[in-house]
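So the structure is just underneath, and the comments pick up after that.
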Amino acid sequence: MTAGAAGPVGFFEQGFAALTGHAPFAWQQRLYAEHFARGHVPPALDIPTGLGKTAVIVVWLIALALQAENGAVRLPRRLVYVVDRRTVVDQATEVAEELRRTLKGAPPGSFAAQIRDQLSKLCIDPNDEASPLAISTLRGEFADNREWQADPARPTIIVGTVDMIGSRLLFSGYGVSRRMRPFHAGLIGQDTLLVHDEAHLSAPFGGLIGSIAQVQQAQKAPRPLRIMELSATQRQQDATAAFTLKNEDKSEPPVNKRLHAVKKLHCPVSADSEDAAVEEIVKLALGYKDDRKRVLVYVRKPSDACEIADKLTRATADSRIALLTGTVRGYERDALAATPLFKGFRSDPDRQPPEASEYLVATSAGEVGVDLDADHLVCDLTTLDSMIQRLGRVNRLGGREAEIHVVEWPKTQRKGEGDGKLSEAIAATKAALATLPLRDGARDASPESLRALADRADAFAPTPRTVPLTDILLDNWSLTRVKDLPGRPTPERWLHGVEAGEPDLYVAWREEVNELAACLRDAGRTGTRILKQLYDKHPILARERLRGPLSEVKRQLERIAKRSPKAAESEQADSQDREPPKPIQAILLPVNGDPIVGALSDLLEREAALPYATIVLPPSAGGLDARGMLDAAATPEASRRYDVADDLAASGRDEKRRLRVLLTREPETEGWSARGIRQAIEAPNKLVER
């Protein structure tokens, strides 16, 4: 396998087709030939949505294989793909997993097999039967398999969120022991290409990694962090530095078709009240009820999305409506992604119209990077960067005519938006959209037309104020063996900015919470050690959690804490003495710190430990509605899945990951009694830990 007479472009074309099953776009060939094949990484990739930015992973892998063959590896061996959206993390993971399946299954002599052989040369043990490509996802649902740590020389793809990657770079890895934090920081911060996808979403993180790279360059690190930002909505990038489309790239038929996809944007309709705005969105969406179309509805607030979904359901059928928000628990969100309705919204040139019109109602969780391709779009007016992302989810592949209806929310109905930077940005967005070309009574919102608005920085969402990175901070963060060091702050302000809004609080449900609370409430350090071991071996995964703004989640949990557990209520119903009901027990898992077990009401008073923490409730506490969202009014139901820790449907595996057993010492018999949690067990003396 050599570039040979075919040159680097011919080599790339064969490799790309072998790994993906289709030919590359011209811009992907040019990115390879002009940059990656030469060991160079452009600082930014400014490509419109729908044109395959994620294929940067493939470009890097092929270039790395060629350099391995030539014995002059200039590209980083690790690619860390960071994006601040869980759905996009999953999609990037799917791309990486498919690459590895192709490499492992390639027949001897094929081009993919030759790429695999060249990548194997980079491993410490080239004869290792494991794939030469390690893949790890740092996002919770895919519990860290530690493949990226096993062989530091092996080509590796790490996919993760801003929090999971950024905290590791600052020696503060969420869920990582103090002993391992320097190891994580060293591997991610050295010999790594950090691809920051949808960089406009997390500008503070972009500034942070830029500062880290500058420190490394000043210290002449041998293989410093290299950064490339990806976005369809770049903020005033230096035109000479960003890699973008040239005229010859745009003339390629499939690219030209997508760049000029017909998207008819109708002028924003102003509503005089919040209720009127919701009704207007519902009315516009129902205008396609009998057209057998797939209609996207975007709004900013989850509560608005729920109300709109309810109204559409009453006017159509529940099976035709889907709801996607960032506050939905991972289990229900994964179930939604597997439904025929959601799959019908994916990009597919051969897809057929639905039997009846279908609706996907979403917040920003469904805006950025998600592979959606609706026929029409109805949404509220928001900032320009968000509007561009929304417009990229309709008529994504071109070849159709899409209509976009925008409803302008009344300013007085939005707390904090009546004045200030956000309100000004939304007003500027309205003015910017009005400058788009007018065709057939509507504005031309094709990707090519929208690129003319790239200089409207006043219409972009305000960037949170950032905190400078200093040598003193880096030194303090690196002292991981010292606990509670003064001057060692948590990394959130450097990852998200000072004015990025309040932090999130996560909630999960586990059957064993009450048992653990009864056993460990007064166990002191022993109890803490047991909890740490438990949640290290079987951590709370993303499918188990829902999240929301800390104040809102705390308010809902406070309402739950005032209720007594259903079981306790039934036990006391006939009691003459009417003892006070036992408080609801819970476990608090801070992002950095020891787990705490106790009454839910007491845990909620630990203000310093709540930001980005997870509170684990017993199912008897309730609080989960039918959509998988937090609702204090929701009571436990036998038909509702609260504890989904053992559910492996999403991973395609059937075996049980664990057996939860409560072992109790029996002094009289000098032995143990065992009781299974959620399932019966056989003789306890046959239990073996794996």
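Here are the numbers:
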| quantity | calculated |
| --- | --- |
| Residue selected from segment 484-505 under the condition closer than 30 Å to Tyr642 by Cα and surrounded by fewer than 23 Cβ atoms within 10 Å (Cβ to Cβ), by the criterion modelled with the highest pLDDT | Asp504 |
| Residue within segment 311-323 that is loosely packed, with under 15 Cβ neighbours inside 10 Å, within 26 Å of Thr466 (Cα to Cα) and of a type outside the set (Asp, Glu) present | no |
| Test for Thr327: is it of a type in the set (S, T, N, Q) and assigned to a loop (DSSP other than H, G, I, E, B) | yes |
| Identity of the residue in segment 433-453, part of a helix (DSSP H, G or I) and not hydrophobic (A, V, I, L, M, F, W, C), that ends up surrounded by the most Cβ atoms within 10 Å (Cβ to Cβ) | Pro447 |
| Search result, residues across segment 286-310 that are in a helix (DSSP H, G or I) and either of a type in the set (Asp, Glu) or open to solvent by less than 20 Å² (accessible area, probe 1.4 Å) (or both) | Asp304, Ala305, Glu307, Ile308, Ala309, Asp310 |
| Considering residues of segment 333-371 that are more than 28 Å from Asp385 (Cβ to Cβ) and among the charged types (D, E, K, R) only, the residue modelled with the highest pLDDT | Glu355 |
| Out of Gly189, Gly173, Gly160, sole residue that is of a type outside the set (A, V, I, L, M) and modelled with pLDDT of 90 or more | Gly189 |
| Residues within segment 68-91 that are touching a Leu at 6+ places or on another chain (Cβ under 6 Å) and more than 22 Å from Thr161 (Cα to Cα), tallied | 2 |
| Every residue from segment 27-44 that is in contact with a strand residue (DSSP E or B) (Cβ under 9 Å, 6 or more places away or on another chain) and either within 17 Å of Glu248 (Cα to Cα) or basic (Lys, Arg) (or both) | Trp27, Arg30, Leu31, Glu34 |
| Any hit, segment 532-546, residues being of a type in the set (D, E, K, R), under 22 Å from the mean Cα position of the chain (by Cα) and open to solvent by less than 20 Å² (accessible area, probe 1.4 Å) | yes |
| Verdict on Arg85 being open to solvent by 40 Å² or more (accessible area, probe 1.4 Å), free of Cβ contacts under 8 Å to residues at least 60 places away in the same chain and within 30 Å of Arg329 (Cα to Cα) | no |
| The listed residue being free of Cβ contacts under 8 Å to residues at least 60 places away in the same chain, open to solvent by 40 Å² or more (accessible area, probe 1.4 Å) and basic (Lys, Arg), out of Lys257, Lys283, Lys264 | Lys283 |
| Output for segment 30-47, where each listed residue is farther than 16 Å from Phe16 by Cα and among the aliphatic types (A, V, I, L, M) | Val41, Ala44, Leu45, Ile47 |
| Residue within segment 372-391 that is of a type outside the set (Ser, Thr, Tyr), modelled with pLDDT under 85 and assigned to a loop (DSSP other than H, G, I, E, B) present | no |
| Counted residues, segment 388-413 - those being within 21 Å of Ala276 (Cα to Cα) and among the aliphatic types (A, V, I, L, M) | 3 |
| Selection within segment 547-570 - open to solvent by less than 60 Å² (accessible area, probe 1.4 Å), at pLDDT 90 or above and in a helix (DSSP H, G or I) | Leu550, Val553, Lys554, Gln556, Leu557, Ile560, Ala561 |
| Qualifying residue in segment 192-199 (condition: modelled with pLDDT of 90 or more and among the acidic types (Asp, Glu)) | no |
| Test: residue in segment 227-236 that is surrounded by fewer than 17 Cβ atoms within 10 Å (Cβ to Cβ), hydrophobic (A, V, I, L, M, F, W, C) and in contact (Cβ under 8 Å) with a residue 60 or more places away in the chain | no |
| Segment 145-179: number of residues that are open to solvent by less than 50 Å² (accessible area, probe 1.4 Å) and over 22 Å from Leu469 (Cβ atoms) | 9 |
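Residues are listed down the side, and each one gets a yes or a no for (1) open to solvent by less than 40 Å² (accessible area, probe 1.4 Å); (2) modelled with pLDDT under 70; (3) more than 17 Å from Leu534 (Cβ to Cβ); (4) not aliphatic (A, V, I, L, M):
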| residue | (1), (2), (3), (4) |
| --- | --- |
| Arg578 | no, yes, yes, yes |
| Glu605 | no, no, yes, yes |
| Ile615 | yes, no, no, no |
| Gly623 | yes, no, yes, yes |
| Leu663 | no, no, no, no |
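The values are calculated or read from the model by the stated rules, or taken from the named source; none is laboratory data. Please read these numbers as outputs of a predicted model, since none were measured by experiment. Heads up, the Cβs are rebuilt from the backbone with ideal geometry, glycines too, and the neighbour counts pull from every protein chain shown. Remember, those area values only see protein heavy atoms, side chains included, never the ligands or the DNA or RNA. Shrake-Rupley method; radii C 1.70, N 1.55, O 1.52, S 1.80 Å.
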